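Coordinate-derived values only; no laboratory data. Worth saying up front: this structure is predicted, and the values here are computed from it rather than measured. Here the Cβ positions follow ideal geometry from the backbone for every residue, glycine too, while neighbour counts run over all protein chains shown.
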Amino acid sequence: MKLYYMPGACSLATHILLREAGAAVELDKVGRDKKTESGADFLAVNPKGYVPALQLPDGDILTENVVLHGYVADTYPASKLAPAHGTKERLKQDELAVFISTEIHKTYSGLFNPAITDEGRKGIIDKLATRYALIEKLLSDGRTYLTGDNFATVDAYLFTVTNWSNMLKVDLSALPKLMAYQGRVAARPAVQAALVAEGLVKAA
């Protein structure tokens, strides 16, 4: 398999999950010019023009965060990254995945616009605060990860998008359970390995 990624982008979540699963994967970094590190035209790989894109063993290309996360979990069931299909637990995890995608990931997207006004920025941060309040409440029972004691697909996703708060100067200090959660996820060996491989942190 080959993962097309941009350092620190939402593709980091799939990268983390592949490492958690112990999958053999080749990385190909995509530049702002839509050329990959290997010299390929990324638009020919994925006409949508954004990461992540995962080249499957048969050469087919799969895209979209939630779909890729589910693919990794289902292809490597021993990793226990998601419950079995048809269970209420899987439905609940899929519900969380869509919430992260549409209500947190998509909301952050507006902050990457260099033309955003102060008023627009405040509106986005206020919206994020209401969404994160729900995550803070979810973590308030002392659970280690979003769905309990097991690290899951949704943890890689929430960690990745919440990590953007640092460079975008979104203050999350009023959410201590979320901040502690971010620290727990960051400390996982697979997460550290992915961060190092993408050049986001230095190797220990």
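Here are the numbers for the structure shown:
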{"read-out": "Around Ile104: net Lys/Arg minus Asp/Glu count, Cβ-Cβ under 12 Å", "value": "+2"}
{"read-out": "Computed over the chain: relative contact order in percent, which uses C-alpha pairs under 8 Å that are six or more apart", "value": "24"}
{"read-out": "Zone residues, region 112-145, relative to Lys92, backbone N less than 20 Å from point 7 Å out along Cα-to-Cβ", "value": "132-145"}
{"read-out": "Leu172 long-range amide H proximity, modeled H, under 5 Å", "value": "none"}
{"read-out": "Between region 114-154 and region 10-71, the alpha-carbon center distance in angstrom", "value": "25"}
{"read-out": "Integer Hz, Karplus 6.51/-1.76/1.60 couplings in order for region 171-177, x for Gly and Pro", "value": "7, 10, 5, 7, 10, x, 5"}
{"read-out": "HN-Hα J in Hz across region 194-199 - Karplus 6.51, -1.76, 1.60, θ = phi - 60°, x for Gly and Pro", "value": "5, 4, 5, 4, 8, x"}
{"read-out": "Peptides 155-167, 185-197 ordered by average Cβ neighbours within 10 Å, highest first", "value": "155-167, 185-197"}
{"read-out": "Selected from Leu172, Leu18, Ala204, residue furthest toward positive end of dipole (the chain; charges at beta carbon)", "value": "Leu172"}
